[in-house]
Each structure stands twice: as structure tokens, then as C-alpha cells.
Amino acid sequence: MKKHIKYLASALLVAIFIFIVTASSEASEKSAKATNLVAESSVDKTMELEYFPVSITKNVHIKLDSLLESVNKRNDFHGSILVAKNGKVLYKNNIGYADFSKKEPLNEGDTFQLASVSKQFTAAAIMLLYERNQIELNDFVNNYFPNFPYENVTIKNLLNHTAGLPKYFWVTDHKWKEPKAPTNTEMMELLNSENVQKYFSPGQKFDYSNTGYFVLASIVEKVSGSSFSDFVKENIFEPLNMNNSFVYSFEIDSVRSNQLEGYRIANGFRHLKINKSLNDAIVGDKNVYSTCEDLLKWTLGLNSGKILTDASLKLMYSKGETVKGKKIPYGFGFRIDDKDETAIYHHGKWNGFSTSLTRYPEEELVIIILEHTSYRGLSPLNNTIKQIVNQNFRG
């Protein structure tokens, strides 16, 4: 009898052990599946672009193709254009060369340096931290960088260019002693050590500042604990399926196969590559690379609440103001047209790249222009495209 009880007890213990192991295994499997579902859901499968049917866009295509050929021949335009109406692609095309020495034509997936159009991604990154209660817009930069030599500068001052900071280009050219281009961290240290004089007290007036936006990117890195590149990739590019967009820092990141170089024209006809400078490793004010298609995904995703709340968007699209209450034509990462306040836009120029992203909310019209041979006619070209669309499309 005792032996039977002993055997039963042993069998019971084995059964309990098997149950625990099995339950634990199933729980781990469920947890893994849940993690995978969360990872998959972070990518918005709806961010695939829609196109108007060719049958109703033929006329506007003919007109815009003709315009594109004209600016290519007359103004040496080598780039891409995309026009969207009511959230759908109305027109997209590219013309010219990607590489002049090899005579390689531009392809749809070639990425352009956005120059100052990059600033809207920096502003959005800051607003994400704000929505997560990790920062406040009235926080001082000194809250995050105690040795920052310019007191009473708020995050909001940086966002709408009222901080009065010196130009970091000048600081690099005159104070940086190393042959390798400085990173954001090194530039912040240089500002701390050199204490270059500011232009004016924070909030006194509007002065467009690349320095302010590199400082904002540095705050993103400090608060998030990740690189600016990784933060933007994980929180903006990947969720919106912007597969051809990335942040690039010279001498740190590898050049990608579809990454274009900027050119200048010499002697009226020769296209020469523009070499990188000591200011090309700084991110936040520039150095986002993208395509027209990805920029439309960004515009549609941002304005449909896929990244930020309506309250945050309202702040980004509202004119800033000085301490005396004077309105300025800039929100957070976006310009607001003084003559036509229905236009929200930004242009960029850097190392041969000329870029433009303009949105007309009331008309549900978006015009994106990306070019890489120092083209100078962004505003007239944008206005001509808008006029052609308004006159030739009734979709």
C-alpha cells in the first residue's frame, strides 16, 4: 500500500511539473505573439499612396510635363515634382541626371537632401516628447544642458526662431580646430566653451536660426536617450512607411546607393559635385534625405493625426510672436505665408539641393519639389504648378 502511495505521489509531482512547464511555454508564446502584433501595428499599413485615374489627369499631365521639360532645358532643373489633390497623387515625375559624370538619369527611389525642409521633422520630434510629458515648451535649454551659455532660452524660442543664438556655421569656421566635422554633441560643447556672443535677448525678435534647430535635435537625443536619427526613424519614418527616408550625418553614417550628391554649375555648363564641409555632420536643421512620395506620406500622415494630436498641430501651424506680441511668419518647423496665410510651407537650400514642400489646406493641394543642381526658382515654379493645376484639373 505504501509503495502504491509513493508511486502515486511521484506521478502526481511529474504531472504538476509538466503542467507548469507547458503553461509557462504557452504564456511565453502568447507574449511573443503579442509583442509581434505590437511591432506590426506600429507600421501604418494604410500609408500607401492613392492615385487619380489617368483618364481624368491627362490634360494636367500634358501641361506639367511640358513645364518640367522647359525648366530642365532653360533653368537646368534636375529633380522631381509631385502634386497631390484631396489626398491623392495627381502628378509625379522626375527629369534630368542623378550622376553627371556617368550620365545616369534620376530614378524614382533616388533620395534628396531636404536641407531646411528637415526642420519640420525636428519640430515634430520635439512635439512627440511634449505629448509624452517628457518636456515642456517653456522649459529652458539649461534644464537639459546646464552649461549652455545662453540663459532663458526656451524650447519654444528655438522652435519659432526667437532665441537670438549665434550662427553655428560661423562658430565652426572660426572656433573648431579639428579636421573632422563636429557632431551635435561636439558642437554643443564648443558653444559652451567658446561663449560666442548672442544676437539679442530671447523673444525680442524673429531671426531664422539653424543653430536653434540643431539644439532642438540635441534636446531630443538627451531626453530620449537615443540618437536623433534613430528617434525620427522609429517614431516617424517607420510608422508612416517612409522607407526611403533617413537622417544622414557626414563622416558618421554610410552613404546609401540611392543617396544623391549636390551639384553646382561651373562655366555655365559643367556640373561639379559640391564637397561636404565641416557643417555637414550636424543634424536637426538639415540632413534628412527623402523622396517626393515619402514627403507626401509624411504630409498626409501628420495632418490625419497619425503622428501628433490636433492640439499639437495647431501649435505647429500658428504664427509665433515676440515678447511684445508681434506676430512672426513661422510656427514650429513651418513657415506661414504672410501674403497668403492659407499656405503652409518650407523651402530648403544646402550644398546644391533646392527643396520645397507647400500645402494649401483649404484647397487640399500639396506641391513637392526636390532638385539637386542649385536650382533657384522654387517659388515661381511652385506658383506656376499651382496655376496649371487650378486651370486644368476638375477631379
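One table, with the values for the structure above:
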{"item": "Projected area, mean over directions - the range 102-185, Cα convex hull, nm²", "result": "9.1"}
{"item": "Rg over Rh, two decimals, the range 332-395 (C-alpha only, Kirkwood Rh)", "result": "0.99"}
{"item": "DSSP loop trypsin sites (Lys or Arg not before Pro) with at most 11 other Cβ within 10 Å excluded, longest remaining stretch of the chain", "result": "178-323"}
{"item": "In the range 82-159, the GluC sites (Glu not before Pro) that fall in loop regions by DSSP, at most 11 other Cβ within 10 Å", "result": "E151"}
{"item": "Chymotrypsin sites (Phe, Trp or Tyr not before Pro) within the range 240-320, DSSP loop, no more than 14 other Cβ atoms inside 10 Å", "result": "F269"}
{"item": "Charge tally in the Cβ shell below 9 Å around S116, where Lys, Arg are +1 and Asp, Glu are -1, S116 excluded", "result": "+2"}
{"item": "Difference of contour (0.36 nm per residue) and Cα-Cα distance, S318 to N383", "result": "21.1 nm"}
{"item": "Those aspartates and glutamates that a straight Cα-Cα span of less than 19 Å connects to K233, excepting residues fewer than 8 apart in one chain", "result": "E40, D44, E48, D110, E131, E221, D253, D285, E293, D294"}
{"item": "Rounded accessible area per residue of the chain, 1.4 Å, Å²", "result": "50"}
{"item": "Bins of 10 Å, starting at 0 and running to the largest distance - Cα pair percent for the range 151-252", "result": "14, 40, 34, 12, 1"}
{"item": "Translational D in µm²/s for the range 43-159 (Stokes-Einstein at 20 °C, 1.002 mPa s, Kirkwood Rh from C-alpha pairs)", "result": "116"}
{"item": "Centroid-to-centroid separation of the range 337-357 and the range 368-395 [C-alpha atoms, Å]", "result": "12"}
{"item": "Nearest-0.05 FRET efficiency for D310 and T342, computed from C-beta distance (R0 30 Å)", "result": "0.95"}
{"item": "Contact order normalised by residue count of the chain, Cα under 8 Å, 6+ apart, percent", "result": "22"}
{"item": "Straight-distance crosslink candidates among lysines, where the alpha carbon sits under 17 Å from K58 and sequence neighbours closer than 8 are dropped", "result": "K85, K88, K92, K386"}
{"item": "Exceeding the 18 Å Cα-Cα cut-off - candidates K286/K339; K273/K349; K119/K167; K276/K297", "result": "K286/K339; K276/K297"}
{"item": "Calculated log₁₀ intensity ratio I(q)/I(0) where the Debye formula runs over C-alpha points of the range 74-119, q = 0.20, 0.24, 0.29 Å⁻¹", "result": "-0.82, -1.01, -1.09"}
{"item": "Check: the chain dipole with +1 on Lys, Arg Cβ and -1 on Asp, Glu Cβ, in debye", "result": "200"}
{"item": "Over the chain, equivalent-ellipsoid semi-axes from the Cα gyration tensor in Å", "result": "43, 31, 22"}
{"item": "Semi-axes of the equivalent ellipsoid for the range 199-323, Cα gyration tensor, largest first, Å", "result": "27, 22, 17"}
{"item": "Ellipticity estimate at 222 nm from DSSP helix runs (n ≥ 4, -39,500 (n - 2.57)) divided over the chain, nearest 500", "result": "-12500 deg cm²/dmol"}
{"item": "Built amide H within the under 5 Å cut-off of Y330, gap 5+", "result": "G320, I336"}
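The values are calculated or read from the model by the stated rules, or taken from the named source; none is laboratory data. Keep in mind that what you see is a predicted model, and the values were worked out from it rather than measured. Note: ideal-geometry Cβ built from the backbone for every residue, glycine included; neighbour counts use all protein chains shown. Accessible surface is based on the protein model in full, side chains and every heavy atom, while ligands, DNA and RNA are left aside. Shrake-Rupley method; radii C 1.70, N 1.55, O 1.52, S 1.80 Å.
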